[in-house]
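Computed from the coordinates by the stated procedures, all read-outs in this text should not be read as laboratory data. Here the structure is a predicted model, which means the values were calculated and not measured. Ideal geometry is used to build each Cβ from the backbone, glycine not excepted, and the neighbour counts take in all protein chains shown.
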Amino acid sequence: MAFELLDTIKQAEQSAEKVRSLAREEAQAIIKEAEEALTRKEKERTEQIRKQYRQDMDEKQASVLKDIEQKKQALLIEMDAASQKAKERLEDAQKFIIERVLVNGHR
């Protein structure tokens with residue numbers, strides 16, 4: 001009877017060790033799956049952030065290019081107006097020089 005009791009205890013210990021071993025393996029598998037899922041989520045989030053960054057940069061670039069084009073057009077209009085004024089003043093300058101030459105001669 002004592003030997004039977006010892007055998008029963010030994011079997012219970014072996015059974016408990018198997019249960020612990022299986023539980024450890026399951027826990028390790030769960031941890032591994034969780035780590036892999038976390039890695040996938042991190043990669044997905046990183047890609048989302050990169051995509052959003054590229055989109056934001058493209059929008060900002062388009063906005064800056066539009067602003068540059070508007071300023072360029074305004075500057076061209078200003079330059080055209082300045083050129084027109086210069087042409088108008090050129091005629092006045094020519095008349096002034098001719099009058100001075102005619103009045104004062106070739107000095």
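Full-extension gain between V101 and K18, please, as 0.36 nm times their residue separation minus the C-alpha to C-alpha distance. Before the final figure, lay out the partial values.
Values: separation 83, 0.36 × 83 = 29.88 nm, distance 12.00 nm.
Result for the pair: 17.9 nm of gain on full extension.
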query = Label 7 Å along Cα→Cβ of E42; region 12-34 residues with amide nitrogen under 20 Å?
reply = 28-34
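R0 = 30 Å: FRET efficiency of A86 with Q55, Cβ-based, nearest 0.05? Please list the in-between numbers first.
On the way: r = 46 Å, r/R0 = 1.54.
The computed FRET efficiency comes out at 0.05.
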message = Computed from the coordinates I sent, volume of the Cα convex hull per residue in Å³ equals one of (i) 119; (ii) 49; (iii) 109. Tell me the label.
response = (iii)
inquiry  = Output the 0 to 90 degree angle, nearest 10, between the alpha-carbon long axis of helix 2-104 and the longest principal axis computed from the alpha carbons of the chain.
reply    = 0
